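The values are calculated or read from the model by the stated rules, or taken from the named source; none is laboratory data. Nothing here was measured: the structure is a model prediction, and the numbers come from that model. Quick reminder, even Gly has a Cβ in these numbers, built from the backbone with ideal geometry, and neighbours come from all protein chains shown. When the accessible area is computed, the model is the full protein with side chains, heavy atoms only, and any ligands, DNA or RNA have been set aside. Shrake-Rupley method; radii C 1.70, N 1.55, O 1.52, S 1.80 Å.
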Amino acid sequence: MLIKRPDDIKSSEITDERLYYDRRKFILAATGVGALAAVGASVSWLRATGEGVDPVGLSTPFAEDEEDVLTSYESITGYNNFYEFGTDKLDPSKHAHTLKPRPWTVAVEGEVNKPQLFDIDDIIKSFPSEERVYRLRCVEAWSMVIPWLGFPLKDLLDRVEPTSRAKFVEFTTLYDPEQMRGQKRAILPWPYVEGLRMDEAMHPLTLLSVGLYGKMLPNQNGAPIRLVVPWKYGFKSIKSIVRIRLVREEPAATWNVVAPGEYGFYANVNPNVDHPRWSQKRERRIGEFRKRPTLAFNGYGDEVAHLYEGMDLTKLY
Ligand SMILES: Nc1nc2c(c(=O)[nH]1)N[C@H]1C(S)=C(S)[C@@H](COP(=O)(O)O)O[C@H]1N2
Ligand SMILES: [Mo]
């Protein structure tokens, strides 16, 4: 676990986070009728700093809660799961500098009328990013609150026109052992693959993220583009994506294939379904010491529970 003491943190980072906290208070104070004004103000703040402006478009308050304080930039970029760079939480921040996020293309293909090979910079230009603060809940019972920059996956999928035969979306990470040293060992079957059902993929909460804290996505967080599905355990949020394929059958998602008894395809955050080796009832926010109760669907139930009506989520976990 990496929690740095204040005197270990560079002053630039402290400033960065303090501005975010202040802005957050402003957004909270302005919910309801004032919300639009708050959005306008935060956009101009992002422009004024001149930092990491590339992916920045609109900034939107999203899924904010009094209980949620943003996790520090230091923890979000220093405590990661990204097995392509090793299995220790500190490995990705140490080793991900070998990943080259440019040039980079993302193929969007399969059951679509207009398959397309996108250049990452064209994606960033043509799908304006907004800021969304989402909770991330790892299956290992820790969580973070992250200000992502991204755009709905739906916007990209609409562009390629899925056919009526498209039932699922399969995502694939880069395979290049020279850039990703962890791929030289068979820790997992490479490349990492994940999948969503079509309605989950088209849900407005589902993001493709290209940045965080107003900056380009750091390599260890999945540069240059990764998925963020806030109501599911973190392993669904696949990093460094090179291919998105619309398919007829449920994709063979990596963790689901490796250990189906521990990692279901749906992987909705469910405090009532224990992981075989530990309880999922509580979680620890990185940066806090107390444990807090885990919320069903990670707190996004109002938005997404209807997608699973009639499904037994203790069996289809
Ligand atoms: N390609 C790839 N994507 C991945 C992983 C991985 O090992 N490889 N780990 C997943 C897991 S288990 C989690 S919890 C999140 C962590 O994202 P973060 O490091 O940005 O917090 O990434 C997910 N995406
Ligand atoms: Mo995870």
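A few points about this structure:
- 5 angstrom amide H check on TYR134, placed H, neighbours 5+ away: ILE146, TRP148
- Accessible-area value, HIS306, 1.4 Å probe, nucleic acids and ligands omitted, Å²: 100
- Value of relative contact order over segment 212-279, rounded to a whole percent, pairs C-alpha under 8 Å and six or more apart: 24
- Pair LYS291, ALA141: separation of 7 Å Cα→Cβ label points (nm): 0.4
- Stretching the chain fully between THR163 and LYS125 yields a gain of 11.1 nm (0.36 nm per residue, less the alpha carbon separation).
- Virtual spin-label span in nm between HIS275 and LEU313, 7 Å along Cα→Cβ: 1.8
- Cut-off 20 Å, label 7 Å out along Cα→Cβ of THR98, residues of segment 171-203 by amide N: 173-193
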